[in-house]
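What follows is a set of notes on a single structure, which appears directly below.
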Amino acid sequence: MRIGVPRETKDQEYRVGMTPAGARQLVGEGHGVFVESGAGDGSGFADEEYVRAGAHLVDVEEVWSAPELVVKVKAPNPLEVERLRAGQTLFAYLHLAPDRRLTEKLLAAEVQAIAYETIQLSDGTFPVLAPMSEVAGRLAIQIGVTLLQRDRGGKGLLIGGVPGVPRGCVTVIGAGIVGINAVRVAHALGAEVTVLDVDSRRLAYLYDLFHGELSTVYSNPSNLGRAVAASDLLVGAVYLRGRRAPRLVTEKMVASMQAGSVITDVAVDQGGCIETIRPTTHSSPTYVVHEVIHYGVANMPAVVPRTSSFALTNATLPYIERMAESGVEAAVRADPGLALGVNTWRGSLVCEEVAAEHALPHCALEALFAS
């Protein structure tokens with residue numbers, strides 16, 4: 001199979017869809033890998049490394065036209081969607097729930113669009129979403145505590161405090177992969193940490209993992225309102241497969257926070273779980289509402305691209321290998337988890353959750369295969 005790896009175009013998106021080591025493995029298995037010149041520069045992978053791995057260096061036209069499978073990090077922009085041809089497979093983070101326009105364009109392009117974030121195993125885990133969730137959860141705290149500095153507009157708080165001075169309060173909404181990694185960093189920095197979720201099992205797991213050195217609270221409007229008001233740093237870490245994130249934190253709750261407090265919402269690429277959040281970019285990452293700093297960058301892991309690109313390729317390569325070896329349709333038929341990753345299939349919307357979000361017709365993937 002011919003596999004294309006375009007250069008990312010989102011603002012300061014320095015990750016790449018495949019490392020040279022991944023390309024080498026696929027070439028060794030007999031596949032053709034086409035890498036756009038400069039695609040790996042931001043992650044520290046020179047063109048020569050891909051050439052030594054056996055990949056073909058191509059221009060932007062060929063990286064989209066030649067392959068049967070296009071492997072990216074972030075969703076394509078409108079021009080890139082136009083470069084796709086019917087029957088191609090796009091493998092990337094798509095986040096279609098809050099983006100009706102992209103959904104409709106992918107349907108019109110008649111491609112097989114497989115979203116990293118909706119691939120789900122039988123145990124409920126998201127194997128390709130997980131590595132970037134780990135990175136984003138840790139960054140949410142790292143970035144948040146920096147924004148609390150007075151020179152960045154924050155209240156001038158050292159999150160871990162010093163002897164004789166109270167520590168800062170970090171609240172994490174969601175006890176999944178993002179949440180646990182945010183808690184891990186906040187706890188290590190010495191913050192007072194509160195995590196909220198509706199899954200008591202996850203709360204019990206975190207309580208045991210951190211030996212009771214944090215507050216675990218069942219998430220409801222009353223508990224959430226109290227926790228938000230007390231927060232110096234609030235982290236949104238909610239994810240529902242294929243759906244918009246629920247708006248759990250109201251604008252009134254945000255207004256109850258002290259001036260100079262910080263919000264980082266990792267759920268922003270699914271619409272955000274905080275009413276006042278909106279997507280921002282690395283070039284202009286923050287804005288202020290009710291004197292609270294909001295950070296809404298939708299591609300947070302791009303600022304640590306080398307770590308992120310290695311982690312992403314580790315997660316995607318097994319799926320790419322199976323699709324390349326047996327063909328995309330056969331691989332999807334054989335793997336229920338990968339099948340859940342399919343959002344559009346040759347003009348049909350097959351992800352039920354995305355269809356519900358946009359009130360668009362839904363067609364079961366099995367029915368398309370049977371026809």
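Among the residues of segment 213-262, those identified as without any contact (Cβ under 8 Å) to a residue 40 or more places away in the chain and either closer than 19 Å to Lys155 by Cβ or basic (Lys, Arg) (or both) are Arg226, Ala229, Arg247, Lys252, Met253, Val254, Ala255, Ser256, Met257.
Report yes if Phe45 is of a type outside the set (Lys, Arg) and in contact (Cβ under 8 Å) with a residue 60 or more places away in the chain, otherwise no. Yes: the conditions hold for Phe45. Residues of segment 169-186 that are crowded, with 19+ Cβ neighbours inside 10 Å, part of a helix (DSSP H, G or I) and out of contact with any Ser or Thr (no Cβ under 8 Å at 6 or more places or on another chain): Gly179, Ile180, Ala182, Val183, Val185, Ala186. The helices (runs of 4 or more DSSP H) falling completely within segment 1-93 that include 1 or more residues that are at pLDDT below 95 map to 60-65, 78-83. Residues that are surrounded by 18 or more Cβ atoms within 10 Å (Cβ to Cβ), over 23 Å from Val27 (Cβ atoms) and of a type outside the set (Asp, Glu) do occur in segment 324-333, at least one of them. Of the candidates Ala136, Ala97, the single residue that is assigned by TED's automatic domain parsing to the domain that holds Glu13 and either surrounded by 24 or more Cβ atoms within 10 Å (Cβ to Cβ) or out of contact with any Asp or Glu (no Cβ under 7 Å at 6 or more places or on another chain) (or both) is Ala97. Restricting attention to segment 94-119, report how many residues are closer than 17 Å to Arg244 by Cβ, assigned to a loop (DSSP other than H, G, I, E, B) and either out of contact with any helix residue (DSSP H, G or I) (no Cβ under 8 Å at 6 or more places or on another chain) or not small (Gly, Ala, Ser) (or both). Of the residues in that region, 5 qualify. Of all residues in segment 120-137, those satisfying the criterion of being assigned to a loop (DSSP other than H, G, I, E, B) and among the hydrophobic types (A, V, I, L, M, F, W, C) are Leu121, Phe126, Val128. Against the test of being touching a helix residue (DSSP H, G or I) at 6+ places or on another chain (Cβ under 6 Å) and either closer than 15 Å to Asn343 by Cα or of a type outside the set (Lys, Arg) (or both), the options Gly17, Gly54, Gly124, Gly28 yield a single qualifying residue, Gly54.
Looking only at segment 24-68, residues that are within 23 Å of Thr344 (Cα to Cα) and surrounded by fewer than 21 Cβ atoms within 10 Å (Cβ to Cβ) come to 3 in all.
Quick one: would you say His290 is outside the structural domain of Val81 (by TED's automatic domain parsing), free of Cβ contacts under 8 Å to residues at least 60 places away in the same chain and touching a Phe, Trp or Tyr at 6+ places or on another chain (Cβ under 6 Å)? No. Of the candidates Arg184, Arg226, the single residue that is among the basic types (Lys, Arg), over 19 Å from the mean Cα position of the chain (by Cα) and more than 30 Å from Asn343 (Cβ to Cβ) is Arg226. State yes or no: is Arg278 within 15 Å of the chain's Cα centre (by Cα) and of a type in the set (Lys, Arg)? For Arg278, the condition - within 15 Å of the chain's Cα centre (by Cα) and of a type in the set (Lys, Arg) - is not met.
The values are calculated or read from the model by the stated rules, or taken from the named source; none is laboratory data. Note that the structure is a prediction, hence the values are computed from the model and not measured. Neighbour counts are summed over all protein chains in view; Cβ atoms, including those assigned to glycine, are modelled from backbone coordinates with ideal geometry.
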